[in-house]
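Have a look at the structure below before the remarks.
The values are calculated or read from the model by the stated rules, or taken from the named source; none is laboratory data. The structure presented is a predicted model; accordingly, all values stated were derived computationally and were not measured. A quick note on method: Cβ atoms are made from the backbone with ideal geometry, for glycine too, and the neighbour counts reach across all protein chains shown.
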Amino acid sequence: MNEAEDGLEPVLEAEGLAKTYDEGIAPVTVLNGVSLRVRPAEMVAVVGASGSGKSTLLHLLGGLDRPTAGTVRLAGLEMSSLSEEGRSRLRCRSVGFVFQFHQLLPEFTALENAMMPGWIAGRPTAEVRTRAEGLLRDLGLGARFEHKPAELSGGEQQRVAVARALHLKPAVLLADEPTGNLDRPATQALLEILARYRQEESQAIIIATHNPEVARAAGRVLALQDGYLSPMKMEPARI
């Protein structure tokens, strides 16, 4: 199905993205002319070996880093045309991030971490708390509201990070190995939650993963290799 068939314009567009790092003895090109379009409520998996540039791609798509060349358009706005403050506002409003290593605030509880985006956005406290509690319950953490990250398992911390990322109903969710610390039942439960939220709230989801089960859950699978992104047909997962 293409944009013309479903009537939906892309919420995220990347054209000719390249990223070269000049540190070290010689420049290293991680991405080389990557183009991508993602529509609302679409889930795309990006697979590739460790070090292939998956995390770099997500950082560029979410405006956490600037490309060496190429453009990113998010929710109709081209990132390169925005100031740092403008990019920050756009990220806060339109992008949810699930980082590979959680990046929870250690001095705050699970509930407070999940509430943080709403607080930063200036939403009413009662509304923020209700949203965070609902997300944590959906993710199986209804009994862990008052636990701080150090008191949670790695998988529980990851689920708190997912709740935080979904809090403001972002147009785009960018997830870097979101099931890396989850066992198979927890992985399946998380995929079901993401599927429900993207249908109910029309989030576009881009997941960087090495897990074939996660990739198979996506509507589209793209392989990142040697700096290039190309369609990939998944074989049955062997987990």
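Can you confirm whether residue 192 is surrounded by fewer than 17 Cβ atoms within 10 Å (Cβ to Cβ), of a type outside the set (Gly, Ala, Ser) and over 23 Å from residue 91 (Cβ atoms)? Walk me through how you get there before you give the answer.
Values: surrounded by fewer than 17 Cβ atoms within 10 Å (Cβ to Cβ): yes; of a type outside the set (Gly, Ala, Ser): yes; over 23 Å from residue 91 (Cβ atoms): yes.
For residue 192, the condition - surrounded by fewer than 17 Cβ atoms within 10 Å (Cβ to Cβ), of a type outside the set (Gly, Ala, Ser) and over 23 Å from residue 91 (Cβ atoms) - is met.
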Condition met for residue 11 (hydrophobic (A, V, I, L, M, F, W, C), crowded, with 16+ Cβ neighbours inside 10 Å, within 19 Å of the chain's Cα centre (by Cα) and over 24 Å from residue 213 (Cα atoms)): yes
One residue from 29, 20 being touching a Gly at 6+ places or on another chain (Cβ under 6 Å), of a type in the set (Ser, Thr, Tyr) and either at pLDDT below 95 or part of a helix (DSSP H, G or I) (or both): 29
Selection count, the range 128-143, where residues are of a type in the set (Lys, Arg) and surrounded by fewer than 20 Cβ atoms within 10 Å (Cβ to Cβ): 2
Count - residues of the range 32-54 that are surrounded by fewer than 19 Cβ atoms within 10 Å (Cβ to Cβ) and outside any loop (DSSP other than H, G, I, E, B): 4
Any hit, the range 64-72, residues being touching a helix residue (DSSP H, G or I) at 6+ places or on another chain (Cβ under 8 Å), part of a loop (DSSP other than H, G, I, E, B) and free of Cβ contacts under 8 Å to residues at least 40 places away in the same chain: yes
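When you scan the range 124-141, how many residues do you find that are more than 24 Å from residue 195 (Cβ to Cβ) and in contact (Cβ under 8 Å) with a residue 12 or more places away in the chain?
2
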Among (1) surrounded by fewer than 21 Cβ atoms within 10 Å (Cβ to Cβ); (2) within 25 Å of residue 213 (Cβ to Cβ); (3) not polar (S, T, N, Q) - the single one residue 79 does not satisfy: (2)
Members of the range 19-63 that are small (Gly, Ala, Ser) and without any contact (Cβ under 8 Å) to a residue 60 or more places away in the chain: 24, 26, 51, 63
Qualifying residue in the range 223-231 (condition: at pLDDT 90 or above and surrounded by 21 or more Cβ atoms within 10 Å (Cβ to Cβ)): yes
Index of the failed condition, residue 169 passing every other in (1) of a type outside the set (A, V, I, L, M, F, W, C); (2) within 20 Å of residue 44 (Cα to Cα); (3) in contact with a helix residue (DSSP H, G or I) (Cβ under 8 Å, 6 or more places away or on another chain); (4) buried (at least 17 other Cβ atoms within 10 Å of the Cβ): (4)
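Sort out which residues of the range 73-93 are of a type in the set (Gly, Ala, Ser) and either more than 26 Å from residue 177 (Cβ to Cβ) or part of a helix (DSSP H, G or I) (or both), and write them in order of number.
Narrowing the range 73-93 to residues of a type in the set (Gly, Ala, Ser): 75-76, 80-81, 83, 86, 88.
Listed by number, the residues that qualify are 76, 80, 81, 83, 86, 88.
Within the range 38-46, identify whether any single residue is farther than 30 Å from residue 148 by Cα, touching a Gly at 6+ places or on another chain (Cβ under 8 Å) and of a type in the set (D, E, K, R), and answer yes or no.
Within the range 38-46, one or more residues are farther than 30 Å from residue 148 by Cα, touching a Gly at 6+ places or on another chain (Cβ under 8 Å) and of a type in the set (D, E, K, R).
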Cβ pairs under 7 Å, 6+ apart, first in the range 93-122 and buried (at least 19 other Cβ atoms within 10 Å of the Cβ), second assigned to a strand (DSSP E or B) and among the β-branched types (Val, Ile, Thr): 94/172; 95/172
